[in-house]
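S.K.: Handing you a structure now.
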Amino acid sequence: MSYKIPLGEWVAGGVKWLENNDHGAFNQIGSVIDNTTSAIEHGLIATPYWLFAAIFIGIAYWRRGWQFATFCAASLWLISNMGFVEQTLVTLALITSATLISLTLGIPLGIWAGRSDRAESVIRPTLDFMQTMPAFVYLIPAAMFFGLGRVPGVIATVIFAMPPVVRLTSLGIRQVNKEQVEAGIAFGCTPSQLLLKVQLPSAMAALFAGINQTIMMALSMVIIASMVGAGGLGNDVLSSISRLDIGLGFESGLGVVLLAIMLDRITESFGVKKAVR
Amino acid sequence: MNTATTEPEAKVVVKDLHKVFGNKPDVAMQMLRDGKHKDEILKQTGQVVGVLDASFQINKGEIFVIMGLSGSGKSTLIRLLNRLIEPTAGAIIVDGEDVATMSKEKLLNLRRKDMSMVFQSFALLPHRTVVENAAFGLEIAGIDLKERERRAMEVLEQVGLNTFAKHLPAQLSGGMQQRVGLARALTVNPSLMLMDEAFSALDPLRRTEMQDVLIKLQQEQKRTIVFVSHDLDEALRIGNRICIMEGGRVVQVGTSDDILQRPADEYVKAFFTGVDTNKYLTAKDVAQKEQVTIFDHPDEPAAGFSAALERMRMYDRVYAFVLDEQHKVLGIVSVESLMACMNDPNKKLRDALLPGKEAIPSSMPLNEVLRKVVEYPCPLPVVDEHGEYIGAITKTVLLRKLCKEKTA
Ligand SMILES: Nc1ncnc2c1ncn2[C@@H]1O[C@H](COP(=O)(O)OP(=O)(O)OP(=O)(O)O)[C@@H](O)[C@H]1O
Ligand SMILES: [Mg+2]
């Protein structure tokens with residue numbers, strides 16, 4: 001006898017039901033995400049590229065010194081030389097909005113998980129699920145709900161990129177020295193004072209590491225998300241694959257790598273500086 | 001004068017206090033009432049009995065030391081006093097009010113205004129400067145920045161750290177960090193201070209230094225201090241009364257004399273003597289590194305007489321030990337013998353050694369050591385099996401040790 005649990009049917013049915021019955025809510029979520037992303041995108045594209053580059057290089061110099069600033073200058077020049085300026089800015093806008101959403105949801109979740117064992121026991125497996133479920137599996141239903149474009153791209157990216165910041169925030173809070181927490185309580189901290197004055201400051205380094213990881217994950221996912229029409233550098237990667245265009249593939253891939261290195265080093269520097277100071 | 005006969009005023013009264021760690025405290029409490037032992041309860045139910053039926057009183061203005069072996073429940077007991085750990089049963093009455101049952105707001109208020117704590121690992125906040133750490137309690141209580149920094153600076157001055165106000169804790173030595181810990185506890189001007197092994201992480205020298213700081217502060221303003229320690233010497237030095245714990249129980253409370261002269265049971269007795277010490281004590285156990293030692297460098301032209309004399313003068317010693325570079329004891333010199341050789345350019349340090357003074361092997365039993373020590377006027381060096389210097393025995397040190405054994 002072989003009875004198969006109709007897991008797949010249940011989920012498919014659930015998605016269908018949601019699609020038919022909850023359109024209003026999805027539309028609203030969708031338009032919020034769409035508006036945020038396009039606002040960031042327009043802002044970036046409206047800025048003259050030289051100004052954008054100057055600000056970027058300035059930040060690079062401030063955080064890491066002139067060597068890294070030189071590297072950024074060279075990278076930004078190469079990106080414009082390869083003709084990827086607009087795509088890169090679109091990708092950057094997608095990453096920024098996905099990261100903002102991930103952090104606004106992820107940091108409070110991480111704090112909650114860090115302070116309550118029960119919350120942690122629910123949140124952890126959910127995060128495992130979000131991180132290991134192959135992206136295409138939720139990319140498609142997301143596209144069904146929100147239509148093709150950047151909204152399902154951003155949502156899929158949030159699902160994939162949020163776990164690290166939740167995990168590391170929680171870890172950071174759990175790692176605070178036990179007697180430091182006791183000291184906070186012994187001097188009369190309320191739970192929120194304890195969080196703001198004792199736990200979060202000590203968890204800062206871990207939290208920044210989480211933010212850094214989230215940004216990196218967002219970057220890798222944003223490329224995949226171009227399959228549902230999110231746009232950006234991913235489009236070029238995708239079309240190079242479909243046309244077997246090795247040259248374009250390398251160039252667009254290089255653009256992604258350069259962007260990744262720049263974002264990584266800059267965001268990483270915030271965590272390190274905070275930890276030392 | 002009849003002040004001596006008046007009952008001391010109670011600051012804290014602890015009554016039938018229990019703490020059970022685990023998810024079934026009621027079951028454990030019932031088993032305790034049925035007379036079951038805590039080991040049995042742990043085996044049957046997995047509940048850990050941390051503190052068991054504790055009842056005692058802490059007087060106003062005294063230093064009350066809690067002692068006991070590791071795991072005996074000292075940290076648990078002191079944390080029950082400010083409810084860092086929730087009691088399972090019993091009462092903790094501080095200034096007439098029961099901490100165990102008081103409301104959240106009252107408890108917060110008590111912790112902010114009248115009770116503070118010093119921790120073994122210092123527990124300073126690493127991202128805050130010394131003065132910000134010291135002002136922490138006032139900040140939590142909502143005192144404005146200027147006022148709280150002013151008061152924190154006052155207290156930092158009391159503990160001798162005002163010049164380090166802008167440093168971060170990581171930039172200070174352990175002893176200085178704990179002064180900050182002490183300052184943080186003092187700034188809220190509490191009438192009750194809880195100190196859990198506050199000085200245990202410090203080396204012996206810093207530890208005595210901090211004890212002195214505490215005693216001095218106590219003279220300036222009397223507070224009630226509950227002090228957990230596992231160091232007998234510390235307890236005897238600073239404690240007005242001592243409370244001995246064993247396996248979660250309070251087995252005896254009294255002045256050090258009380259406890260030394262009338263130990264409640266074998267456990268308390270053993271605690272103060274170690275196990276059958278007299279039989280097992282050897283020279284090694286009483287040797288102390290308080291004597292001046294001089295290294296002999298035979299290859300160097302200068303004999304080093306003046307340096308040796310200067311150091312002996314500095315430490316106020318009449319005798320010093322001469323060691324070679326492998327720390328082997330060559331012999332003993334005195335101020336006199338050094339002076340005698342000093343003006344002869346052909347003489348070396350070795351020529352100033354006193355005749356017939358031999359080192360004591362570290363394994364020599366105490367009674368034999370006693371015979372040797374009375375024979376000679378000077379302290380005698382103790383060496384290990386390779387002849388290396390490990391310390392010295394003086395008459396005073398030996399007598400004090402033997403007296404301690406006797407009274408216990
Ligand atoms: N949170 C906890 N959960 C379970 N058991 C605990 C907990 N805290 C303490 N205990 C147990 O309670 C007993 C007393 O511990 P406590 O820390 O009070 O001992 P202590 O006298 O301070 O020892 P030490 O000298 O090692 O600090 C120990 O058996 C310990 O294992
Ligand atoms: Mg302890």
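S.K.: Can you tell me which residue within the stretch B:106-154, out of those that are without any contact (Cβ under 8 Å) to a residue 60 or more places away in the chain and closer than 14 Å to B:Q178 by Cβ, is nearest to the other protein chains (Cβ to nearest Cβ)?
M.R.: The qualifying residue nearest to the other protein chains (Cβ to nearest Cβ) is B:A123.
S.K.: For A:A260, are the conditions met, namely being in a helix (DSSP H, G or I), closer than 29 Å to A:I33 by Cβ and at pLDDT below 90?
M.R.: Criteria not met by A:A260.
S.K.: Let me ask something else about it. Taking the criterion of being assigned to a strand (DSSP E or B), within 25 Å of A:A186 (Cβ to Cβ) and more than 15 Å from ligand 1 (Cβ to nearest atom), would at least one residue in the stretch B:67-82 satisfy it? Break it down into steps so the answer makes sense when it comes.
M.R.: Here is the first cut: in the stretch B:67-82, the residues assigned to a strand (DSSP E or B) are B:67-68.
Still in the running and within 25 Å of A:A186 (Cβ to Cβ): B:67-68.
So of that shortlist, the ones also more than 15 Å from ligand 1 (Cβ to nearest atom) come out as none.
No, that holds for no residue.
S.K.: In the set B:S334, B:S363, which member is touching a residue at least 24 places away in the same chain (Cβ under 8 Å) and loosely packed, with under 15 Cβ neighbours inside 10 Å?
M.R.: Sole residue among the options that is touching a residue at least 24 places away in the same chain (Cβ under 8 Å) and loosely packed, with under 15 Cβ neighbours inside 10 Å: B:S363.
S.K.: For the stretch B:8-23, give me each residue that is within 13 Å of ligand 1 (Cβ to nearest atom) and part of a loop (DSSP other than H, G, I, E, B).
M.R.: Passing the criteria: B:G22, B:N23.
S.K.: Any idea which of B:D26, B:D39 is away from ligand 2 (no atom under 16 Å from the Cβ), in a helix (DSSP H, G or I) and farther than 25 Å from B:D98 by Cβ?
M.R.: Values: B:D26 fails: farther than 25 Å from B:D98 by Cβ.
Sole residue among the options that is away from ligand 2 (no atom under 16 Å from the Cβ), in a helix (DSSP H, G or I) and farther than 25 Å from B:D98 by Cβ: B:D39.
S.K.: Counting only residues that are assigned to a loop (DSSP other than H, G, I, E, B) and in contact (Cβ under 8 Å) with a residue 60 or more places away in the chain, how many does the stretch A:1-47 have?
M.R.: 0
S.K.: Since B:E97 meets every condition but one in (1) surrounded by 15 or more Cβ atoms within 10 Å (Cβ to Cβ); (2) away from ligand 2 (no atom under 13 Å from the Cβ), which condition does it not meet?
M.R.: In the conditions (1) surrounded by 15 or more Cβ atoms within 10 Å (Cβ to Cβ); (2) away from ligand 2 (no atom under 13 Å from the Cβ), B:E97 misses (1) alone.
S.K.: Keeping to the stretch B:201-228, report how many residues are within 16 Å of ligand 1 (Cβ to nearest atom) and more than 17 Å from the chain's Cα centre (by Cα).
M.R.: 0
S.K.: Can you confirm whether A:A230 is not in a helix (DSSP H, G or I) and not acidic (D, E)? Show your work before the answer.
M.R.: Working: not in a helix (DSSP H, G or I): yes; not acidic (D, E): yes.
Yes.
S.K.: Of these, B:L69, B:L80, which one is within 14 Å of chain A (Cβ to nearest Cβ), within 16 Å of ligand 2 (Cβ to nearest atom) and out of contact with any helix residue (DSSP H, G or I) (no Cβ under 6 Å at 6 or more places or on another chain)? Steps first, answer last, please.
M.R.: On the way: B:L69 fails: within 14 Å of chain A (Cβ to nearest Cβ).
Only one candidate qualifies: B:L80.
S.K.: Working carefully through the options B:V213, B:V253, find the one that is over 30 Å from B:T88 (Cβ atoms) and crowded, with 17+ Cβ neighbours inside 10 Å.
M.R.: Details: B:V253 fails: over 30 Å from B:T88 (Cβ atoms).
The unique qualifying residue is B:V213.
S.K.: Report yes if some residue within the stretch A:125-137 is modelled with pLDDT of 90 or more and surrounded by 15 or more Cβ atoms within 10 Å (Cβ to Cβ); otherwise report no.
M.R.: So far as the stretch A:125-137 goes, yes, one or more of its residues are modelled with pLDDT of 90 or more and surrounded by 15 or more Cβ atoms within 10 Å (Cβ to Cβ).
S.K.: Could you please let me know if B:F164 is more than 14 Å from every other protein chain (Cβ to nearest Cβ) and more than 16 Å from ligand 1 (Cβ to nearest atom)? If you could, list the steps in order and put the result at the bottom.
M.R.: Working: more than 14 Å from every other protein chain (Cβ to nearest Cβ): yes; more than 16 Å from ligand 1 (Cβ to nearest atom): yes.
Against the criterion (more than 14 Å from every other protein chain (Cβ to nearest Cβ) and more than 16 Å from ligand 1 (Cβ to nearest atom)), B:F164 qualifies.
Quick grid of which residues meet (1) part of a helix (DSSP H, G or I); (2) within 16 Å of ligand 2 (Cβ to nearest atom):
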site	(1), (2)
B:M117	no, yes
B:Q120	no, yes
B:P126	no, no
B:V131	yes, no
B:G137	yes, no
B:G142	no, no
B:R148	yes, no
B:R151	yes, no
B:L156	yes, no
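S.K.: Here's another thing I want to ask about it. Could you list, in sequence order, all residues of the stretch A:176-214 that are buried (at least 20 other Cβ atoms within 10 Å of the Cβ), under 23 Å from B:E197 (Cα atoms) and more than 7 Å from every other protein chain (Cβ to nearest Cβ)?
M.R.: A:V176, A:G184
S.K.: While we're here: Could you say whether any residue in the stretch A:144-165 is more than 30 Å from B:N189 (Cβ to Cβ), in a helix (DSSP H, G or I) and within 14 Å of another protein chain (Cβ to nearest Cβ)?
M.R.: no
S.K.: Related question: Taking the residues in the stretch B:176-200 that are more than 16 Å from ligand 1 (Cβ to nearest atom) and in a loop (DSSP other than H, G, I, E, B) as candidates, determine which candidate is farthest from the other protein chains (Cβ to nearest Cβ).
M.R.: Among those that are more than 16 Å from ligand 1 (Cβ to nearest atom) and in a loop (DSSP other than H, G, I, E, B), it is B:S191.
S.K.: Which of the residues belonging to the stretch B:162-196 are buried (at least 22 other Cβ atoms within 10 Å of the Cβ) and among the charged types (D, E, K, R)?
M.R.: B:R179, B:R184, B:D196
S.K.: For B:R206, indicate whether it is away from ligand 2 (no atom under 16 Å from the Cβ) and surrounded by fewer than 21 Cβ atoms within 10 Å (Cβ to Cβ).
M.R.: In short, yes.
S.K.: Taking the options B:L349, B:L370, name whichever one is assigned by TED's automatic domain parsing to the domain that holds B:V322, in contact (Cβ under 8 Å) with a residue 24 or more places away in the chain and within 23 Å of B:S306 (Cα to Cα).
M.R.: Matching residue, one of B:L349, B:L370: B:L349.
The values are calculated or read from the model by the stated rules, or taken from the named source; none is laboratory data. This structure is a prediction, so every number in the text was calculated from the model and none was measured. A quick note on method: Cβ atoms are made from the backbone with ideal geometry, for glycine too, and the neighbour counts reach across all protein chains shown.
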